[in-house]
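One structure is given here, and the rest of the page talks about it.
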Amino acid sequence: MKKKLLSVLLTAVMVATLLAGCNKKSSNDSSNDSKETASSGSESGGLVGVAMPTKDLQRWNQDGINMEAELKEAGYKVDLQYASNDIQTQVSQVENMISNGCKLLVIASIDGDSLGTVLAQAKDAGIPVIAYDRLIMNSDAVTYYATFDNYMVGTKQGEYIKEALDLDNAAGPFNMEIFTGDPGDNNAKFFYSGAMDVLQPYIDAGKLVVSSGQIDFATVATANWATDAAQSRMENILSSYYADGSKLDVVLCSNDSTALGVENALEANYTGDYPVITGQDCDVANVKNMIAGKQSMSIFKDTRTLATQVVSMVDAIMKGGEAPINDTKSYDNGTGIIPSYLCEPVFADASNYKELLIDSGYYTEDALK
């Protein structure tokens, strides 16, 4: 099959890349998200503030753990904070990082438009800011941006669907539904745009049919990327458009938390074969679903790779130099293009997850049982 061949070819390249990544390290997270968690490190290294949006999604826990471990290993003290997806909490945490003497801030924002005032304080204090994974919008205090190629994430999901359904040759039509992420997350728009640039021609030709009619970004967005919100919406779609036995062929999900909600709804409310379902992040629950045949694929963004890259950026800046970047065209936050470093995402499915996730040390085999 085309999908199988594509998977094998990609795996050979991906595994070689991932072997250069750092081993996953452990960290003791505070149970109180608003409690300061400054960690010991070399005094000469300076204090780096790391603001993460929430502990509710597995990937942010892994990002925080990897970032803290790599920064400490490089000789820096770390103030790692999680904001429970509350914007004001994150604003207060960043304010405290500034007042506590952080020399640099790494921020994965909850809402890209909500940090302008506090980041103006950082700029006035001469504190560089690296936007982490989510671009911070409408602030000239953002110095750099580090992320994965988010448009490519969407194109890989779209291409996977194209290959899985053999859209260039099969007669169709195929029924599809769409679930993307939080409307305040700039990345969600990139994921959606990348996928739709691949799939829109097949929608226009009538080969892909969105039975619910829910296609535009604002309609298919999922607040906070929440699993329960995606599940509720999927349940409504199933009862309204598929209760008569109509087949659902594919669900485009931008990430694993929304895919999990879709899968939960299907398990409780759908009697047909599982459709092709995309995802992103390779969360444990979703990898288990891939193994069980309930999810087709997930985009793997190795947080160790991104953490390593951000630490190299931090190190360069703290030593008075310029951070390494590889993109100066793609990301305009409303005040101008933000110099960026884009890591390349890869896709995992049931045929290659062992090489990508277990052999690379990202997960243990027991974790996926």
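What to note about this one:
- Hits in the range 168-196 (condition: open to solvent by 50 Å² or more (accessible area, probe 1.4 Å) and assigned to a loop (DSSP other than H, G, I, E, B)): Asp168, Asn169, Ala171, Pro173, Pro183
Listed here are the residues, each with its yes/no results for (1) open to solvent by less than 60 Å² (accessible area, probe 1.4 Å); (2) in a strand (DSSP E or B); (3) among the β-branched types (Val, Ile, Thr).
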| site | (1), (2), (3) |
| --- | --- |
| Asp315 | yes, no, no |
| Gly320 | no, no, no |
| Ile325 | no, no, yes |
| Lys329 | no, no, no |
| Thr335 | no, no, yes |
| Leu342 | yes, yes, no |
| Phe347 | yes, yes, no |
| Ser351 | yes, no, no |
| Glu355 | no, no, no |
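- Residues in the range 232-246 that are hydroxyl-bearing (Ser, Thr, Tyr), within 10 Å of Tyr270 (Cα to Cα) and open to solvent by 60 Å² or more (accessible area, probe 1.4 Å): 1 in all.
- Each residue in the range 290-313 was checked for being open to solvent by 50 Å² or more (accessible area, probe 1.4 Å) and aromatic (Phe, Trp, Tyr), and 0 of them qualify.
- Per the listing Glu344, Glu365, Glu322, the residue uniquely within 29 Å of Glu159 (Cα to Cα) and more than 21 Å from the chain's Cα centre (by Cα) is Glu365.
- Verdict on Pro324 being within 21 Å of Lys103 (Cα to Cα) and in contact with a helix residue (DSSP H, G or I) (Cβ under 7 Å, 6 or more places away or on another chain): yes
The rows are residues; the columns are (1) of a type in the set (Val, Ile, Thr); (2) open to solvent by less than 10 Å² (accessible area, probe 1.4 Å); (3) touching a Cys at 6+ places or on another chain (Cβ under 6 Å).
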residue	(1), (2), (3)
Glu73	no, no, no
Ser84	no, no, no
Ser92	no, no, no
Ile107	yes, yes, no
Leu119	no, yes, no
Ala131	no, yes, no
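- The requirement of being open to solvent by less than 50 Å² (accessible area, probe 1.4 Å), among the basic types (Lys, Arg) and either out of contact with any Ser or Thr (no Cβ under 9 Å at 6 or more places or on another chain) or touching a residue at least 60 places away in the same chain (Cβ under 8 Å) (or both) is satisfied by Lys207.
- Restricted to the range 149-167, and to residues there that are part of a loop (DSSP other than H, G, I, E, B) and farther than 14 Å from Ile277 by Cβ, the residue that is least open to solvent (accessible area, probe 1.4 Å) is Leu167.
- Taking the numbered list (1) farther than 22 Å from Asp166 by Cβ; (2) in contact with a Gly (Cβ under 9 Å, 6 or more places away or on another chain); (3) without any contact (Cβ under 8 Å) to a residue 60 or more places away in the chain in turn, Ser257 passes all entries but (3).
Here's the yes/no breakdown for (1) in contact with an Asp or Glu (Cβ under 6 Å, 6 or more places away or on another chain); (2) farther than 14 Å from Phe148 by Cβ:
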residue	(1), (2)
Val284	no, yes
Lys294	yes, yes
Ala307	yes, no
Asp315	no, yes
Asp327	no, no
Asp332	no, yes
Gly336	no, yes
Cys343	no, no
Ser351	no, yes
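- The range 220-231 - residue that is open to solvent by less than 60 Å² (accessible area, probe 1.4 Å) and not aliphatic (A, V, I, L, M) and, of those, nearest to the chain's Cα centre (by Cα): Trp225
- Residues (among the acidic types (Asp, Glu) and either modelled with pLDDT of 95 or more or closer than 12 Å to Val310 by Cβ (or both)) located in the range 112-148: Asp124, Asp133, Asp140
- Note on the range 226-269: residues that are within 20 Å of Ile291 (Cβ to Cβ) and either in a loop (DSSP other than H, G, I, E, B) or among the aromatic types (Phe, Trp, Tyr) (or both) total 1.
- Filtered residues of the range 63-87 (kept if of a type outside the set (S, T, N, Q) and on the phi > 0 side of the Ramachandran plot): Gly75
- Hits in the range 197-222 (condition: of a type in the set (Gly, Ala, Ser), touching a helix residue (DSSP H, G or I) at 6+ places or on another chain (Cβ under 6 Å) and not in a loop (DSSP other than H, G, I, E, B)): none
- Every condition in (1) open to solvent by 40 Å² or more (accessible area, probe 1.4 Å); (2) touching a residue at least 12 places away in the same chain (Cβ under 8 Å); (3) closer than 19 Å to Ile317 by Cβ; (4) small (Gly, Ala, Ser) holds for Gly126 except the one numbered (2).
- Residue check for Tyr270: touching a residue at least 12 places away in the same chain (Cβ under 8 Å), open to solvent by less than 60 Å² (accessible area, probe 1.4 Å) and in contact with a Ser or Thr (Cβ under 8 Å, 6 or more places away or on another chain): no
The values are calculated or read from the model by the stated rules, or taken from the named source; none is laboratory data. Bear in mind that the values here come from a model prediction, so they are computed numbers and not experimental data. Neighbour counts run over all protein chains shown; Cβ positions are idealised from the backbone, glycine included. We work out accessible area using only protein heavy atoms, side chains counted, and drop any ligands, DNA or RNA first. Shrake-Rupley method; radii C 1.70, N 1.55, O 1.52, S 1.80 Å.
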